[in-house]
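Quick notes on the structure that follows.
Values in this text are rule-based calculations from the coordinates and carry no lab data. The shown structure was predicted, so the numbers you read here are calculated from the model rather than taken from an experiment. Please note: Cβ atoms are built from the backbone with ideal geometry, for glycine as well, and neighbour counts cover all protein chains shown.
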Amino acid sequence: MKKSIALLLAMTMAATAFTGCGSSANTASGTASEPQSAPTGSGPWPEIGSKDAPVTVKVLIKDVLPTEEDVIAMCDVVEKKMADHGQYIDLQFVEPPAGSYATALPLAMRTGDIDADIIYFQGGGDLAISQEGLLEDLTSYIEGSTYVKDLMLPVNEARMKNYPYLLWLAPARTYVPVMRKDLTEKLDSYDALVKDPTIDNYHALFTEMKAKGLVQYAITADDSNNAGEGNMRRLNAFFNQAFGVSATLVKENGRWAFSRATEAEKKKLEFYATLYKEGLLDPEYLTNTWDVLEQKFYEGKAGIISGTIGDVVQIYNNKMSSTTGSDLVVLPPAKGVAQGFQAVDVTKEERGFGINVDSKNKAAAWAFLEFMASPEGRIIDKCGIEGKHYNVENGKIVFTDKYPEWWSRIWVTTNKFNPEPPLARPVYTEAAQDSLDLANQYYVEDVNVLIPEELAPQWDAMKSLYDEYSADIIRGTKPISAFDEFVTKWNQAGGDKFAEYLKEKLG
């Protein structure tokens with residue numbers, strides 16, 4: 001069993017029982033295979049089932065419960081629209097197993113307690129399942145698709161090439177910095193930053209907003225320690241590239257090494273220590289939970305936070321607008337040695353849909369995923385149910401007051417979303433759309449490997465060392481010169497052992 005260095009492990013959910021949206025009815029290997037029951041017909045709509053004998057497609061997704069009114073309505077609309085294309089399915093959503101989703105789901109698959117054709121994974125657990133041959137290789141399905149293939153971004157293509165078992169049509173979950181628009185109008189340094197977002201200009205912006213008493217501290221972070229980033233993932237997302245921390249793995253002195261033990265990382269930590277010493281970084285950044293972090297932002301204690309592009313920035317914007325009357329603006333990544341947002345891990349998808357290798361209805365399951373990527377399916381996924389979440393008025397889609405209750409159950413991407421009829425107003429606010437656009441503009445692909453089982457203990461020890469030293473350096477309890485001591489201990493804990501493995505994998 002392996003695990004990804006930069007894999008995001010988070011979020012759990014409890015649920016029970018097992019039911020479906022509609023009526024019920026109902027192998028191949030885990031390696032590349034053709035869809036079972038090869039579809040007939042041509043074009044994007046191969047024939048599936050018949051009016052009198054629809055093919056059951058069971059879908060299991062975290063947080064999507066079959067008893068919900070919107071889910072039942074979605075099943076009905078999808079079935080009718082697919083039937084118009086000669087694809088007859090009986091769409092059923094099933095509840096997830098009880099317990100932590102990331103751990104209970106793989107266990108239920110191994111024991112045969114999961115009766116679903118399409119399974120959504122989040123928070124891990126899929127790697128071991130795919131290695132046990134329980135997930136279908138989706139390569140041939142994607143190659144033969146019309147709509148799914150068209151919506152894939154470079155990050156999706158790279159991840160599917162490396163790990164063809166999970167598909168997630170969405171941009172990489174990149175953090176971007178945001179701040180209130182009304183504050184930018186009070187800061188002389190804002191225009192200079194937007195024009196030339198150097199590290200010095202960022203420091204000047206931070207300094208001015210605190211000096212003018214607009215905030216208690218310029219920026220905050222939280223205790224979500226992801227993959228040993230010392231609680232600084234949100235800042236790293238827009239400062240790493242500027243300091244030359246370009247990827248998880250970099251070449252230094254002629255050999256591959258982890259960037260956390262490089263001179264570039266040392267310079268970055270020195271900068272963070274300066275921010276902390278000057279009161280520009282929230283002194284509680286090590287203990288803030290995500291909800292406390294957000295509340296500090298909404299209350300105006302923190303001037304800037306970093307949030308996930310798209311939906312999360314949308315939530316931030318809507319809450320801030322309702323609280324203060326001000327929308328948000330998205331800031332560019334810092335510029336220095338290079339410029340870009342966090343290096344995106346492409347070793348595998350962090351979350352997404354897999355097809356159960358034991359499913360007897362793989363062709364129908366794929367047809368559902370393909371339909372939801374089509375123009376018709378995307379209107380359902382992004383806009384909701386006509387007559388409830390939106391109406392068509394004067395040839396345009398007009399959202400109702402129920403629309404905020406709707407969320408995409410399948411494909412969250414807005415890539416190439418140009419519905420007919422057109423939208424009366426965009427799905428995303430200006431800030432949320434800007435976050436997506438900037439993330440695409442400053443996309444950087446990571447250099448990374450999967451950690452082998454035999455080196456997992458060393459990797460855990462190395463991460464713990466980084467967390468300890470980075471926190472002490474930033475808070476000033478250790479001088480920046482202690483970084484050299486850290487590097488020595490890092491190599492002793494496992495860095496040297498990794499050298500040959502990295503050479504073997506990366507050359």
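Some observations on this one:
- If the segment from LYS416 to LEU506 were pulled out straight at 0.36 nm per residue, it would be longer than the present Cα-Cα gap by 28.9 nm.
- Of GLY279, ILE309, TRP290, farthest towards positive along the dipole that unit charges on Lys, Arg, Asp, Glu beta carbons give the range 261-309: GLY279
- Cα-based shape type of the range 124-185, given that a ≥ b ≥ c are square roots of the gyration tensor eigenvalues and the cut on a/c is 1.5: oblate
- Least to most buried among TRP168, TRP45 (fewest other Cβ within 10 Å first): TRP45, TRP168
- Dipole-positive endmost among GLN92, LEU166, PRO197 within the range 85-211 (Cβ charges, Cα centre): PRO197
- Estimated dipole of the chain in Debye, rounded to 20 [Cβ of Lys and Arg +1, of Asp and Glu -1, Cα centre]: 840
- The amide H of TYR390, built 1.01 Å from its N in the peptide plane, has ILE385, THR400 as neighbours under 5 Å, considering only residues 5 or more places off or on other chains.
- Proxy reagent accessibility, fewest Cβ within 10 Å first, across LYS402, LYS210: LYS402, LYS210
- Fewest-first ranking of TYR101, TYR442, using other Cβ atoms within 10 Å as the exposure measure: TYR442, TYR101
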